[in-house]
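**Student:** Quick one: the structure is below, questions incoming.
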Amino acid sequence: MALSVSEVLPVAVPRTRRQIWSVGGGKGGIGKSLLAASVGWQLARMGRRVVLVDADLGGANLHTCLGLPTPERTLADFIQHRVSSIEECLTDTPAPGLRLISGAGDLLSAANIKHLQKVRVMNHVRAIDVDVVLIDLGAGTSYNILDFFLLSDVSILAVVPEPTSIENGYRFIKSALYRRLRAAAPTDEVRQLVDSALDPKNSLGIRTPVDLLARVEAEDAEAARVLRREVAGFQPRFVVNEVRDVADVGIGHQLVAACGRHLGLRASYAGFVHHDDSVWQAVRRRRLFMADAPTSRAAEEIRQLTRGLVKGESLGHGY
Amino acid sequence: MDTATDLYAVLGLEPRASREQVERAYRFCLELYGEGSVATYSLLEPTEAEQQRLRVREAYEVLVDAERRRAYDEGQGFLPPDSAVLAFPVPVSVGAAAELPAVLTGADLRKIREARGMSLRHIAAVTKIGMRFLEYIEEDRFACLPAAVYLRGFLQEYARLVGIDPRRAADAYMSRLPAKG
């Protein structure tokens, strides 16, 4: 069932300093879960009350990243009404202030929770009394994943410096943006134009969000204004993971430039994390490298990255 | 002006960019649109990337050549990169506090501001103080000014931006306010 962002957002959310952060990326195996776990760990070290939510449908393993056995209660119990509140699914972690809602469970492996279930999960996630809810999204561009990404105050897009990851990253960004635009489209005609844009070989010649806005502008200036506001509000923050050299670091700047020039998006470069043997050594010990190797380069980079994300800072334009 | 004709925008620069910035931006764009660039290969067709490389090269060739850049800037109405500009934000100079008179009028503030080449709109944009209040301050329309505690804050923000001692400036201006009765 098609789901608009406005349908998902509860009408009256009490304004608190609570924030929702999410880590997406489109591709599997690029370190999203470790990134989420370590950023969450660092946020907790910085005094935030944090809940990590493992929404990696079908591939939930955030608990392992944190060195925990499979939790007794998971998101599946909440969805199946075996527990009455989402708080009952919270699992403590070794880090004070950091708790986990595990996604481990066969129910979610279909990656296909129903519309109403998803709305219920989202509303309850938003209501958890903490400072930051940090959601680890799965791979792919399913509506479940995109909606969690769009729901976030801080939308982190992880990539590794490889063509496949970056290609999927762009696909993820475009899918999320078009979904956001579709939800905001004020008329059926504009919604149809957004739908056309989703097909990269559409007959209207719309290949990018920039083309789409130009087309909408020509037909309905007021609708174009609405869509432009949505585009401006969509600001993914790139994190380049598994960096090996200076050129890899520069890729983050190039992605931001390419998004601005060719997709019309105001993305930013939140930071990068070097490939670091101490990370996988910690993984093999089933420990988080932030605790296992706190002096490693990767751990220091996570600390820098998290501080920047909290302050809303980025790494500039790279030249 | 759109990006198709703005040579600075082609390189992702502002019109006052230094020669060194032009060089760095050019190298960045060459990598961005280079053959096999991981950042653009899946976003642009090879012919589009080639077009971008051409535009980048053309922009660079003009902006790196002092003569051609001057002609281009003149044509576009841009100030030359080496022209004197006011520091932004204007730093508070060490001697500024001592030079302030004990009493400051709205007209005095306006003179200081205009001497810095700063518009009221700019101050409003930076400080987020409403234009209306800034005008009242400069026109000495005391009856229209907000409560003293807010006015002091506004005056200090204003003073900081035009480069005079914020506390002394607020005191000097507020010394003329009619006593509350």
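The values are calculated or read from the model by the stated rules, or taken from the named source; none is laboratory data. As the structure is a computational prediction, the values presented were derived from the model and not from experiment. In this analysis, Cβ positions are derived from the backbone assuming ideal geometry, glycine residues included, and neighbour counts consider all displayed protein chains.
**Student:** When you scan the range A:273-288, do you find a residue that is at pLDDT 95 or above and within 30 Å of A:Thr208 (Cα to Cα), even just one?
**Tutor:** yes
**Student:** Still on this structure: Answer with yes or no whether B:Ala4 is farther than 30 Å from A:Val249 by Cβ, away from every other protein chain (no Cβ under 14 Å) and at pLDDT below 90.
**Tutor:** For B:Ala4, the condition - farther than 30 Å from A:Val249 by Cβ, away from every other protein chain (no Cβ under 14 Å) and at pLDDT below 90 - is not met.
**Student:** Given the criterion closer than 24 Å to A:Val50 by Cβ, in contact with a strand residue (DSSP E or B) (Cβ under 8 Å, 6 or more places away or on another chain) and part of a helix (DSSP H, G or I), identify the matching residue among A:Val125, A:Val133.
**Tutor:** So the residue among A:Val125, A:Val133 that is closer than 24 Å to A:Val50 by Cβ, in contact with a strand residue (DSSP E or B) (Cβ under 8 Å, 6 or more places away or on another chain) and part of a helix (DSSP H, G or I) is A:Val125.
**Student:** So is B:Ser93 modelled with pLDDT under 90, within 14 Å of chain A (Cβ to nearest Cβ) and loosely packed, with under 15 Cβ neighbours inside 10 Å or not?
**Tutor:** So B:Ser93 does not fit the description; no.
**Student:** Report every pair of residues separated by at least 6 positions or lying on different chains whose Cβ atoms are under 9 Å apart, first residue within the range A:253-282 and under 14 Å from A:Gln235 (Cα atoms) and within 14 Å of chain B (Cβ to nearest Cβ), second assigned to a strand (DSSP E or B) and of a type in the set (S, T, N, Q).
**Tutor:** So the pair list comes out as A:Val256/A:Ser268.
**Student:** So, A:Leu315, is that one away from every other protein chain (no Cβ under 14 Å), surrounded by 17 or more Cβ atoms within 10 Å (Cβ to Cβ) and either closer than 22 Å to A:Leu150 by Cβ or within 20 Å of the chain's Cα centre (by Cα) (or both) or not?
**Tutor:** No.
**Student:** Taking the range A:142-201 as the region of interest, how many residues are charged (D, E, K, R) and within 14 Å of chain B (Cβ to nearest Cβ)?
**Tutor:** Selection size over the range A:142-201: 5.
**Student:** Return the total of residues in the range B:36-54 being facing chain A (nearest Cβ under 8 Å) and not polar (S, T, N, Q).
**Tutor:** Within the range B:36-54, residues that are facing chain A (nearest Cβ under 8 Å) and not polar (S, T, N, Q) number 5.
**Student:** Just one of the numbered conditions (1) within 14 Å of chain B (Cβ to nearest Cβ); (2) in contact with an Asp or Glu (Cβ under 6 Å, 6 or more places away or on another chain) is not true of A:Gly138; which one?
**Tutor:** (1)
**Student:** If you don't mind, there's one more thing I want to ask. Within the range A:83-103, work out how many residues are farther than 15 Å from A:Trp41 by Cα and at pLDDT 90 or above.
**Tutor:** Count: 8.
**Student:** Let me ask something additional. Within the range B:15-35, can one find any residue that is under 24 Å from the mean Cα position of the chain (by Cα), modelled with pLDDT under 90 and away from every other protein chain (no Cβ under 14 Å)?
**Tutor:** The answer is yes, given that some residue of the range B:15-35 is under 24 Å from the mean Cα position of the chain (by Cα), modelled with pLDDT under 90 and away from every other protein chain (no Cβ under 14 Å).
One line per residue, one yes/no per condition, for (1) within 24 Å of B:Phe28 (Cβ to Cβ); (2) not small (Gly, Ala, Ser):
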position	(1), (2)
A:Ala183	no, no
A:Leu212	no, yes
A:Ala223	no, no
A:Arg229	no, yes
A:Glu242	yes, yes
A:Val246	yes, yes
A:Asp276	no, yes
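**Student:** Tell me which residues, restricted to the range A:51-106, are assigned to a strand (DSSP E or B) and not β-branched (Val, Ile, Thr).
**Tutor:** Of everything in the range A:51-106, those that are assigned to a strand (DSSP E or B) and not β-branched (Val, Ile, Thr) turn out to be A:Leu52, A:Asp54, A:Ala55, A:Leu90, A:Asp92, A:Leu98, A:Arg99, A:Leu100.
**Student:** Also: Regarding A:Ala218, is this residue more than 14 Å from chain B (Cβ to nearest Cβ), within 24 Å of A:Tyr143 (Cα to Cα) and either touching a helix residue (DSSP H, G or I) at 6+ places or on another chain (Cβ under 6 Å) or surrounded by fewer than 20 Cβ atoms within 10 Å (Cβ to Cβ) (or both)?
**Tutor:** Considered against the rule, which asks whether it is more than 14 Å from chain B (Cβ to nearest Cβ), within 24 Å of A:Tyr143 (Cα to Cα) and either touching a helix residue (DSSP H, G or I) at 6+ places or on another chain (Cβ under 6 Å) or surrounded by fewer than 20 Cβ atoms within 10 Å (Cβ to Cβ) (or both), A:Ala218 comes out as no.
**Student:** Just to be sure I understand, how many residues within the range B:140-181 are within 26 Å of the chain's Cα centre (by Cα) and within 20 Å of B:Leu100 (Cβ to Cβ)?
**Tutor:** Number of matching residues: 20.
**Student:** Let me ask something else about it. In this structure, is B:Gly77 surrounded by 13 or more Cβ atoms within 10 Å (Cβ to Cβ), more than 9 Å from chain A (Cβ to nearest Cβ) and more than 22 Å from A:Asp211 (Cα to Cα)?
**Tutor:** no
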